[in-house]
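The values are calculated or read from the model by the stated rules, or taken from the named source; none is laboratory data. Please read all numbers here as calculations on a predicted model, not as lab measurements. Cβ: placed from backbone, ideal geometry, glycine included. Neighbour counts: every protein chain shown.
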Amino acid sequence: MSNVTLTPPTKKKDDTLLIINRLLDFMTRGEVRPRFMTALALRVIGLLGVIAVPYFTGQAINVISEPGGTLNALWRWALYAFIAGVLYIALSIVAERLFSDLATRALYKLQRRLFEHMQTLSLNFFDRQPVGELMSRVTNDTETVALFYESAVAQMIRAI
């Protein structure tokens, strides 16, 4: 029997949160920060509108159930509920458009940074790497990041 000692595999540092934070920086930092904050504020205000709809509906039901309730008061609460719903829809559409634009800009910045980095690599690197494999990796990784911006970030913001 040989005298071999088994060592447990070394734990690779989990960089997932660092990578996510770095990708989000492309979308939330720098010159796009005011646009991101505007989109976030619109999302929150829109959500306040959708939260207000049940309150206004409850007030309308209270008006109906009260003995002295008037039709004008009912219509007023119904109008408030309608306005809150329309406000939610309108602000959600604008916020989604802003977030979509931010994601596109972030992907563009990332692609430019990747291209600029590839320009600094030595010719020896390109001699060692098959060009087709390199292009395939760049394309696939960029598409994965685009999917992250389109779905994961959008889901995180909707979950707020």
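Within the range 102-124, restricting attention to residues that are touching a helix residue (DSSP H, G or I) at 6+ places or on another chain (Cβ under 8 Å) and of a type in the set (Lys, Arg), the residue that is surrounded by the most Cβ atoms within 10 Å (Cβ to Cβ) is 105. Residues in the range 23-34: is at least one at pLDDT 90 or above and of a type in the set (Phe, Trp, Tyr)? The answer is no; no qualifying residue exists.
So for the range 131-140 (the condition being under 30 Å from residue 29 (Cα atoms), modelled with pLDDT under 90, out of contact with any helix residue (DSSP H, G or I) (no Cβ under 6 Å at 6 or more places or on another chain) and not in a helix (DSSP H, G or I)), does at least one residue qualify? No. Remark: residue 99 falls outside the filter, which requires a residue to be surrounded by fewer than 11 Cβ atoms within 10 Å (Cβ to Cβ) and either closer than 23 Å to residue 35 by Cβ or under 26 Å from the mean Cα position of the chain (by Cα) (or both). Checking 95, 78, 90 one by one, the residue that is at pLDDT 90 or above and farther than 30 Å from residue 152 by Cα is 78 and no other. Just a yes or no: is a residue in the range 135-142 in contact (Cβ under 8 Å) with a residue 24 or more places away in the chain and surrounded by 10 or more Cβ atoms within 10 Å (Cβ to Cβ)? Among the residues of the range 135-142, at least one is in contact (Cβ under 8 Å) with a residue 24 or more places away in the chain and surrounded by 10 or more Cβ atoms within 10 Å (Cβ to Cβ), which makes the answer yes. Every listed requirement among (1) at pLDDT 85 or above; (2) of a type outside the set (Phe, Trp, Tyr); (3) out of contact with any Ser or Thr (no Cβ under 7 Å at 6 or more places or on another chain) is met by residue 68 save one, (1).
Restricting to the range 72-96, and then to whatever is surrounded by 13 or more Cβ atoms within 10 Å (Cβ to Cβ) and not hydrophobic (A, V, I, L, M, F, W, C), can you tell me which residue is farthest from residue 24 (Cα to Cα)? The qualifying residue farthest from residue 24 (Cα to Cα) is 76. Take the conditions modelled with pLDDT under 85, surrounded by 11 or more Cβ atoms within 10 Å (Cβ to Cβ) and of a type outside the set (Val, Ile, Thr) and apply them to residue 150. Does it pass? Taking the combined requirement at face value, the residue satisfies it.
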